[in-house]
Amino acid sequence: MSNLLWKSLVVSPAVLGATLLVSTTAMAVPSTTTEGSAAKQAGVTGVAQQPDTLAQTTIDQVNRYSNEGKQNNSQSQVTSVSQFSDVQPTDWAFQALQSLVERYGCIAGYPDATYRGNRALTRYEFAAGLNACLNRVNELIATATADMVTKQDLATLQRLQEEFSAELATLRGRVDSLEARTAELEANQFSTTTKLVGEAIFGVTDAFGGNTGNNNNAVFQDRVRLDLQTSFTGRDVLHTRLAAGNATAFSQVDKAGFPINTGEGTQTFQVAGSNGSNNSISIDRLTYEVPIGPAHVYLAASGGRHSHYAAVNNPYFFDNTDGGNGALSTFASESPIYRIGSGAGIALNLPLGKGGGILGNSSITAGYLASQANNPGLNQGLVNGDYAALGQLNFSVGDRVALAATYVHGYTGAGGGVGRTLFNSDATTNAGFLEVGTNQANALTTTNGSSSNSYGVEAAFRPSDKLSISGFASYHQVVGFGAGDNYDAWSYGLGVALPDLGKKGNVLGLFAGAEPYSFNRPGFVGNNVPYHFEGFYKYRVSDNISITPGVIWLTSPGQNSNNDSAIIGTLRTTFTF
């Protein structure tokens, strides 16, 4: 080895520093990312996401560290600079890098065969690279003759080691700590493919106003969800969700003191496996999502909902299908059109363009859910029982505007008992429970059966990072199979959200609209529009805890202006883990 080459390496630390992005995947702490699924449902990118828990972040760090180590072990040693896909002969440091790789063999690069030389170099990364090269130099010194290395060369090497001794010690400590945490987690984890995502809601709530206030008391309710999310390929996800709760919606009471059968004012934690279950545990969702080519496929074995796979375009109000971090009420959470039908079935999302052109940012969504798919009886099952088929066209303009046009065809067979409703997305666990809208808009004939055609539009506009505007409107045409069974229903709403108000992660939400209603139905009393006004402020205590005080004001409950307005006050605390 020539003295000139030694001087190129040890006397020119500037050249060495410019080329020392080496072996850092196995020695430096990997960066972390935060994942979320709310943007898909919101329909507008850039919406604040639910942060991962600290424990999950730690697991992700350790998993990435372990995987990178495995990739490095399986990757052959870099012996030529041409093996780096991002290094070109025209690069200014090409010759120095070529010397380090081909003559000294102390450059490893990253597992994906890249060098990433155009990014900033930290002292820790320089120290990691320096350590690798010094180890290689020491090997060469041990096998070389004494006259090939001068005392000045060795002094320069010693000076570099001393200067970066603190960084090298820190890196060794980080590696030792990560290896210990990896061993502990691998020994105690219950699955290498599954992570647990949990949510617990504590809700203190009361109703006020006239007979409704007099006939209800303040309550302390709860709902818990444990979602086991399993991925077999890294791109698919199997949801196995357990749910339990004891929350019950308030009774609306008319002027005469009789209860009104209505879903007005129902809150999100009072549905989906909660209402009337007295904290008994059930599997309220069993679904599988997987990409196949350009399409995204959704399969539901139980508890399928249209809002699982279709963009509802209601950011900050919608949260993971009646979750605990969005609006208080089911009405403000999503358009009622997505609550027609539930159960088992299949759905498909397919992009219509690849950027540019009128279809560049559009996609089409189609889905089919049957609420009696598991029943082999007469007029039951996957295709002969109750079902709802959805078709939706999605379109976005950049990351500021999202639009959707939705059509849902529903079918309800004859018979089946009392209490069959149009908006029945919770029918698999709470048959007959009204989760949104008035009884006039919900009640279906139980003798002859019926079909429905529903049309809706949904839009979201984000003029700035601190303001989001969203809304929907829907029209529902129900055709009964008997005389006098036909009716029409309408609904509309508009919401304004101010994210990060007062603190990052906080949200102030204001929503107003008309819950689903229907006029002039035989046998029903009331032809007034039931308006719904709602305000809430979600305060983020930490990454895992939020407190949401809010108020819901309902006018003309039961579509009757003679009934006193009802006010519902709630203090909701949500724990995510």
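See the values below:
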read-out: Sole residue being acidic (Asp, Glu), within 28 Å of Thr421 (Cα to Cα) and within 31 Å of the chain's Cα centre (by Cα), chosen from Asp222, Asp236; value: Asp222
read-out: Pairs with Cβ under 7 Å, 6+ apart, first in segment 241-256 and more than 9 Å from Asn563 (Cβ to Cβ) and at pLDDT 90 or above, second of a type in the set (Ser, Thr, Tyr) and part of a strand (DSSP E or B); value: Ala243/Ser282
read-out: Failed item in (1) within 28 Å of Phe524 (Cβ to Cβ); (2) buried (at least 16 other Cβ atoms within 10 Å of the Cβ); (3) of a type outside the set (Ser, Thr, Tyr), with Phe269 passing the rest; value: (1)
read-out: Residue in segment 420-427 that is in the same structural domain as Asp488 (by TED's automatic domain parsing), modelled with pLDDT of 90 or more and part of a loop (DSSP other than H, G, I, E, B) present; value: yes
read-out: Flag for Asn211 being in a loop (DSSP other than H, G, I, E, B), out of contact with any Cys (no Cβ under 6 Å at 6 or more places or on another chain) and assigned by TED's automatic domain parsing to the domain that holds Pro294; value: no
read-out: Counted residues, segment 288-316 - those being surrounded by fewer than 24 Cβ atoms within 10 Å (Cβ to Cβ), touching a Ser or Thr at 6+ places or on another chain (Cβ under 8 Å) and more than 30 Å from Tyr537 (Cβ to Cβ); value: 5
read-out: Residue within segment 545-559 that is in contact (Cβ under 8 Å) with a residue 24 or more places away in the chain, under 25 Å from Phe258 (Cα atoms), touching a Gly at 6+ places or on another chain (Cβ under 6 Å) and polar (S, T, N, Q) present; value: yes
read-out: Segment 473-485, residues that are part of a strand (DSSP E or B) and touching a Gly at 6+ places or on another chain (Cβ under 6 Å); value: Ser474
read-out: Out of Phe202, Phe126, sole residue that is more than 30 Å from Arg572 (Cα to Cα) and modelled with pLDDT of 70 or more; value: Phe126
read-out: Residues of segment 339-369 classified as modelled with pLDDT under 95, part of a strand (DSSP E or B) and in contact with a Phe, Trp or Tyr (Cβ under 9 Å, 6 or more places away or on another chain), total; value: 3
read-out: Any hit, segment 479-488, residues being touching a His at 6+ places or on another chain (Cβ under 8 Å), small (Gly, Ala, Ser), assigned by TED's automatic domain parsing to the domain that holds Asn314 and touching a residue at least 24 places away in the same chain (Cβ under 8 Å); value: no
read-out: Residues of segment 491-528 satisfying the condition of being free of Cβ contacts under 8 Å to residues at least 40 places away in the same chain and either outside any loop (DSSP other than H, G, I, E, B) or touching a helix residue (DSSP H, G or I) at 6+ places or on another chain (Cβ under 7 Å) (or both); value: Tyr492, Leu494, Val496, Leu498, Leu508, Leu510, Ala512, Ala514, Asn527, Asn528
read-out: Selection count, segment 164-178, where residues are among the charged types (D, E, K, R) and either at positive phi or loosely packed, with under 14 Cβ neighbours inside 10 Å (or both); value: 2
read-out: Looking only at segment 311-347, and only at residues there that are polar (S, T, N, Q) and out of contact with any helix residue (DSSP H, G or I) (no Cβ under 6 Å at 6 or more places or on another chain), the one that is nearest to Ala402 (Cα to Cα); value: Asn313
read-out: Out of Leu508, Leu444, sole residue that is at pLDDT below 95, out of contact with any Gly (no Cβ under 7 Å at 6 or more places or on another chain) and not charged (D, E, K, R); value: Leu444
read-out: Verdict on Asn430 being over 24 Å from Gly493 (Cα atoms), in a loop (DSSP other than H, G, I, E, B) and modelled with pLDDT under 95; value: yes
read-out: Strands (runs of 3 or more DSSP E) wholly inside segment 223-338 containing at least 3 residues that are within 30 Å of Leu494 (Cβ to Cβ); value: 295-304
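Yes/no per residue for (1) buried (at least 17 other Cβ atoms within 10 Å of the Cβ); (2) over 30 Å from Ser280 (Cβ atoms); (3) not aliphatic (A, V, I, L, M):
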site	(1), (2), (3)
Ala180	no, yes, no
Ala183	no, yes, no
Gln189	no, no, yes
Asn211	yes, yes, yes
Asn214	no, yes, yes
Ala218	no, no, no
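Residue-by-condition table, conditions (1) crowded, with 24+ Cβ neighbours inside 10 Å; (2) farther than 17 Å from Asn442 by Cα; (3) not β-branched (Val, Ile, Thr):
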position: Phe318; (1), (2), (3): yes, yes, yes
position: Gly326; (1), (2), (3): yes, yes, yes
position: Ser335; (1), (2), (3): yes, no, yes
position: Ile340; (1), (2), (3): yes, no, no
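Residue-by-condition table, conditions (1) over 14 Å from Gly343 (Cβ atoms); (2) without any contact (Cβ under 8 Å) to a residue 60 or more places away in the chain; (3) in contact with a helix residue (DSSP H, G or I) (Cβ under 7 Å, 6 or more places away or on another chain); (4) not in a strand (DSSP E or B):
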| position | (1), (2), (3), (4) |
| --- | --- |
| Asn375 | no, yes, yes, yes |
| Leu378 | yes, yes, no, yes |
| Val383 | no, yes, no, yes |
| Ala388 | no, no, no, no |
| Leu393 | yes, yes, no, no |
| Ser396 | yes, no, no, no |
| Thr406 | yes, no, yes, no |
| Tyr411 | no, yes, no, no |
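The values are calculated or read from the model by the stated rules, or taken from the named source; none is laboratory data. Just so you know, these numbers come straight off a predicted model, no measurement behind them. Counting neighbours? That spans all protein chains shown, and the Cβs are built from the backbone with ideal geometry, glycine included.
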